[in-house]
Amino acid sequence: MRTAPENLTTLLAAFAQGDRSAAEEALPLVYEELRRIARRRRWQWGGQEAPHTTSLVHEVYLHLSAGHSEPWASRAHFFHFASVAMRNVLVDHAKHIQRVKRGGGLQRVELNEQARISEQRSVELLALDEALSTLGAQEPRLLQIVECRFFGGLTVEETAEALAISPASVKRGWDTARAWLFHHLRGGHSDESQSVG
Amino acid sequence: MSLNRLDELFHAARAMPASEWRDFLTRECRGDQHLSATLLAMLQTEGEAFSWFDEAEDSLRLFWEKALPETLGPYRVLRRLGSGGMGTVYLAEGFGRTLAVKCMRWEGAELLRRFLDERQSLSRLDHPGIARFLDGGRTPAGEPYLVMEYVEGEPLSAWQRSGRIVAERVKLFRAVAEAVEYAHGHQVVHGDLKPNNVLVTASGQPKLLDFGVAKLLDRQEAPGAEARSGPLTPAYAAPEQMAGEPISPLTDVYGLGALLFELLTERRPAGNEQLLPGEADAWLAGIVGRALRTDRAERYQSVSAMLQDLREWEAGRRTLPTA
């Protein structure tokens with residue numbers, strides 16, 4: 001990851017300007033770093049404990065920025081950026097679980113309790129991800145708040161800093177988003193073509 | 001659609017008593033029934049939504065554990081299969097197949113050196129009764145891992161409990177012994193034969209797991225307490241192993257004796273315990289007894305010799321009355 005920060009600096013700057021495709025482009029760099037750190041921790045913990053997502057984002061940031069005397073990227077922007085990466089990692093994983101299940105890779109294995117829970121979680125996560133995309137298409141700000149709070153595990157204050165909005169707006173938006181997503185997931189109508197505004 | 005408006009209306013309504021929501025929404029949504037219905041539902045289920053998210057956040061954290069550390073070299077870790085005295089086994093996939101990856105708990109230069117030495121001979125083992133050794137590497141933390149064929153089957157300990165007749169048990173045991181005989185022919189000793197290291201597939205094929213692993217972990221430089229906390233299971237380990245001596249093919253003869261003992265009696269052998277009268281006929285009891293001798297010189301000197309006696313019994317030439 002020695003050369004990554006240079007690249008990331010440019011991409012993060014573009015991301016900060018609202019260019020979400022920059023995030024897509026830079027994701028593999030963060031993604032690898034997330035894996036590396038989580039993997040190391042998992043070995044340390046023997047897989048017994050799950051890392052808390054907030055500290056994972058912090059650790060990734062600290063690692064990537066280490067050795068750079070000048071701030072190579074805004075910490076705030078990085079937090080949102082890493083949260084998006086986390087969402088992708090988790091959704092990928094959930095899709096993978098579904099693929100394995102469909103592909104019959106585990107068909108003859110009697111699924112144990114843990115595997116069934118994983119499988120159930122992956123279904124929920126994919127549904128939530130889809131609902132979130134619907135929400136994001138209509139209200140990008142609420143999407144960002146959910147990414148930071150839920151996937152990135154950021155606090156209200158960190159989210160406010162990352163998105164350059166007030167903590168009060170974060171709290172409000174987070175409430176609205178949760179109520180909307182929950183309603184949506186429970187089968188509430190969300191016909192996008194229908195004008196409701 | 002503006003969710004900004006949704007956000008505004010949601011928060012404006014929240015500040016009011018529930019009895020006023022309907023009127024407020026009817027007025028503000030100006031005939032947009034979809035919006036007012038959505039908002040009303042959101043307001044009514046708000047508490048439920050928040051607790052749902054609290055739970056979702058908790059499960060997300062647990063999900064992380066599985067989501068992130070998903071690769072080991074070229075292998076993708078699917079889930080954890082279990083942990084044992086010597087490490088953790090993961091179900092993984094790579095090169096289009098499903099595999100078992102065993103990460104060993106111990107590290108150190110000595111283990112790594114042995115591991116590299118042993119890898120070659122392990123990879124030569126190709127027998128239907130042996131879970132194939134496929135590859136090995138090191139985790140980012142430096143711990144060695146072994147990649148093996150993933151076997152779907154039930155442990156011998158469970159298999160033997162489901163009402164098998166003696167002939168069936170002996171037949172399965174013979175298949176296990178033949179796999180060990182094959183490995184000995186390739187200069188590989190198992191060293192840790194026990195019911196949990198034998199899986200029986202749906203077609204009735206026994207598969208031996210962890211071939212050669214005991215030798216890898218047979219650390220002569222660390223005898224005593226640390227060695228005893230290792231993978232050895234006292235009921236199945238040969239006396240010389242318990243004494244910290246190096247393992248040999250005769251170690252496996254002892255291990256096979258212990259396996260046969262348990263297959264016939266469904267209890268673990270304690271020390272060099274003999275079969276009780278009525279537990280097996282004298283010939284089989286004799287085979288078990290000879291394999292379980294404390295003194296190596298008195299044991300069968302090879303698995304082949306043990307197999308020979310077993311085949312005699314199977315051919316019906318040695319069906320003696322119960323001891």
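The values are calculated or read from the model by the stated rules, or taken from the named source; none is laboratory data. Not measured: the values here are computed from a predicted model. All Cβ positions, glycine included, derive from the backbone under ideal geometry; neighbour counts span all protein chains shown.
Could you check the stretch A:134-158 and list, in sequence order, the residues that are without any contact (Cβ under 8 Å) to a residue 60 or more places away in the chain and more than 10 Å from chain B (Cβ to nearest Cβ)?
Result: A:T134, A:I145, A:V156, A:E157.
Yes or no: A:A177 surrounded by 17 or more Cβ atoms within 10 Å (Cβ to Cβ), more than 10 Å from every other protein chain (Cβ to nearest Cβ) and among the small types (G, A, S)?
Here the answer is no, as A:A177 does not meet what is asked.
Looking at B:G142, B:G191 in this structure, which one is on the phi > 0 side of the Ramachandran plot, in a loop (DSSP other than H, G, I, E, B) and at pLDDT 80 or above? Before the answer, list the steps.
On the way: B:G142 fails: at pLDDT 80 or above.
Only one candidate passes the filter, namely B:G191.
Identify all residues within the stretch B:243-262 that are over 19 Å from B:A305 (Cβ atoms) and either crowded, with 16+ Cβ neighbours inside 10 Å or in contact with a Lys or Arg (Cβ under 8 Å, 6 or more places away or on another chain) (or both); write none if there are none. Can you show your working first?
Going residue by residue through the stretch B:243-262, those that are over 19 Å from B:A305 (Cβ atoms) are B:243-246, B:262.
Matches in the stretch B:243-262: B:E262 only.
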